[in-house]
């Protein structure tokens with residue numbers, strides 16, 4: 001089942017090691033719907049399913065980035081933040097999505113955590129701990145603290161098995 005395009009979904013898809021490799025293959029014109037050079041058939045299928053909302057195929061075989069979809073996501077992302085929230089977020093998060101420092105004020109911390117969660121996770125996404133850690137490492141080297149803050153803010157839920165997580169519905 002293909003998800004509808006979202007900024008969260010796009011970032012989540014491209015920060016994974018295999019999916020970023022697959023996206024590079026798409027950009028280079030090397031990927032096809034039936035295979036991605038350098039990935040097994042199974043990993044190709046799984047990775048392409050994550051990227052599918054952001055891709056199109058003019059001839060049914062060659063895969064390209066769907067630039068129009070990404071333009072629409074950019075427009076919608078600009079509308080998501082009010083000016084006040086943007087100022088607070090930019091105080092703590094760099095343009096390349098790196099956390100400068102953890103906010104000490106609870107309201108600012110929640111605002112920053114929600115901002116990051118929306119960009120790192122799709123709504124109600126189920127993830128293994130290693131997948132969560134991989135995404136959080138993009139934001140900070142102290143990913144364990146960030147994960148704990150996300151759990152405390154109910155933006156990420158640890159499942160009963162202790163090794164898997166579910167993101168909140170922030171759509």
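Can you find even one residue in segment 46-58 that is over 18 Å from the mean Cα position of the chain (by Cα) and assigned to a loop (DSSP other than H, G, I, E, B)?
yes
Hey, among 43, 75, which residue is part of a helix (DSSP H, G or I), farther than 19 Å from residue 167 by Cβ and touching a helix residue (DSSP H, G or I) at 6+ places or on another chain (Cβ under 7 Å)?
Exactly one residue qualifies, and that residue is 43.
Within segment 4-21, can one find any residue that is surrounded by 19 or more Cβ atoms within 10 Å (Cβ to Cβ), in contact (Cβ under 8 Å) with a residue 24 or more places away in the chain and more than 14 Å from the chain's Cα centre (by Cα)?
No, every residue in segment 4-21 fails to be surrounded by 19 or more Cβ atoms within 10 Å (Cβ to Cβ), in contact (Cβ under 8 Å) with a residue 24 or more places away in the chain and more than 14 Å from the chain's Cα centre (by Cα).
Quick one: which of 38, 29 is out of contact with any helix residue (DSSP H, G or I) (no Cβ under 8 Å at 6 or more places or on another chain), assigned to a loop (DSSP other than H, G, I, E, B) and at pLDDT 85 or above?
Of 38, 29, the one residue that is out of contact with any helix residue (DSSP H, G or I) (no Cβ under 8 Å at 6 or more places or on another chain), assigned to a loop (DSSP other than H, G, I, E, B) and at pLDDT 85 or above is 29.
Only residues that are out of contact with any strand residue (DSSP E or B) (no Cβ under 8 Å at 6 or more places or on another chain), at pLDDT 90 or above, in a loop (DSSP other than H, G, I, E, B) and closer than 24 Å to residue 73 by Cα: list them for segment 117-171, please.
138
The values are calculated or read from the model by the stated rules, or taken from the named source; none is laboratory data. Bear in mind the structure is a predicted one, so any value in this text is a computation, not a measurement. Ideal geometry is used to build each Cβ from the backbone, glycine not excepted, and the neighbour counts take in all protein chains shown.
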